[in-house]
Each structure stands twice: as structure tokens, then as C-alpha cells.
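This report concerns only the one structure given below.
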Amino acid sequence: MSVAFRLLAAAAALGACLAFAGQAQEAPSGGLPMAGGAPAAPAASDPVVIPAPGPPAAASAAVLRGLDKVTGKARDFRAPIGKPVIYGGLSIVVRACVKRPPEETPEVEVFLEVSDRKKLAARPADPRSAAIFSGWMFASSPALNALEHPVYDVWAIDCRA
């Protein structure tokens, strides 16, 4: 399933939940509102609306695995969303981390922006020139959209609250 399709499906599910939440405050035709604003049981002719599952809980950090190809050492590290993390010669900023609910096929999706610190130090006025990766990484398919760097590899592992 493509990323665009997943994002569209998530947006549609969120829209359905919001629409359902907006309808819950109004009584259906012929129904009397109950205490707390919940509607009475719908009439037999009213359609039954089953809400789509809500979006996953927001993560506050991503767990990434870095590999130094020179030394052969790999380590896992937390990267808070929106804050730069230094791994060797790289500066990594996680912009989003999405983990599917347990009842669905397991998947972790992380949007990363990775910059080369040496290039960033040489041209601080132009941070875009130091960018070496910007995109989604998937824990189940690390090679699908991989970081290409001669010294370091980085993979998405998990999202944490």
C-alpha cells in the first residue's frame, strides 16, 4: 500500500471521526436528547453510523538505529520530535512519527531531515546545502527509502510517547 494512500485513508478516517463527533451533540430526527447531550436511540429508519478508528496516539520521540560503517558499531537512540539530535557527523531532526494501532499490520513511519554537520558548519547561512536526506522511513522496509551516506546508516525502529 503506498504512503499517499495511507495518508489519504488516515485523513478520511479523521474526517469521519470529526463528523461523527459533531453529530453526537445533536439529537437525530424524532429522538430526544438525553442528559449530557447524548441522543436517544435512533429511529428504525435512521442509518447506523459506525465511527472509523481514530488516529494513532501522537508520539513524542522516535527510536532510531545508527550504524557507523567505519567501526561497525550500531546503537539505538531516541530523537525527540522537532529537536535536532547529533549522531556522529549527522544532525537528525524527526518531524513526524506514526505507529499503527496493535490491531492493524505493524508499521512505524518516521519523517526525517538529516544534514551533514561539516557542510552545515562550512555554510551556516544556507542550511539546505547541507541536507542529505528528507523523507519518510519505514521500519518494516528500511531499504525502501534509505539514507545514503558513506559513513553512517540510520533506520527507523519505533515511536515512543
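The values are calculated or read from the model by the stated rules, or taken from the named source; none is laboratory data. Predicted model only: the values in this text are computed from it and were never measured. So basically every Cβ, Gly included, is an ideal-geometry build from the backbone, and we count neighbours across all protein chains shown.
What do you reckon, is T71 at pLDDT 90 or above and either under 25 Å from the mean Cα position of the chain (by Cα) or loosely packed, with under 12 Cβ neighbours inside 10 Å (or both)? Step through it out loud before you land on a result.
Numbers: at pLDDT 90 or above: yes; either under 25 Å from the mean Cα position of the chain (by Cα) or loosely packed, with under 12 Cβ neighbours inside 10 Å (or both): yes.
So T71 fits the description; yes.
Would a scan of segment 94-117 turn up a residue that is loosely packed, with under 13 Cβ neighbours inside 10 Å and closer than 20 Å to G66 by Cβ? Steps first, answer last, please.
Within segment 94-117, the first condition is being loosely packed, with under 13 Cβ neighbours inside 10 Å, and the residues that meet it are 101-106.
Narrowing the set further to residues that are closer than 20 Å to G66 by Cβ leaves none.
No; the residues of segment 94-117 include none that is loosely packed, with under 13 Cβ neighbours inside 10 Å and closer than 20 Å to G66 by Cβ.
In this structure, does A143 turn out to be over 18 Å from A59 (Cα atoms) and not aromatic (F, W, Y)? If you could, list the steps in order and put the result at the bottom.
On the way: over 18 Å from A59 (Cα atoms): yes; not aromatic (F, W, Y): yes.
So A143 passes the test.
Go through segment 109-138 and report how many residues are touching a Cys at 6+ places or on another chain (Cβ under 9 Å) and hydrophobic (A, V, I, L, M, F, W, C). So that I can check it myself, show each step before the final result.
Narrowing segment 109-138 to residues touching a Cys at 6+ places or on another chain (Cβ under 9 Å): 109-111.
Still in the running and hydrophobic (A, V, I, L, M, F, W, C): 110-111.
The number of residues fulfilling the criteria is 2.
Would you check if A156 is under 15 Å from A59 (Cβ atoms) and either surrounded by 15 or more Cβ atoms within 10 Å (Cβ to Cβ) or not β-branched (V, I, T) (or both)?
Details: under 15 Å from A59 (Cβ atoms): yes; either surrounded by 15 or more Cβ atoms within 10 Å (Cβ to Cβ) or not β-branched (V, I, T) (or both): yes.
When the stated conditions are applied, A156 passes them.
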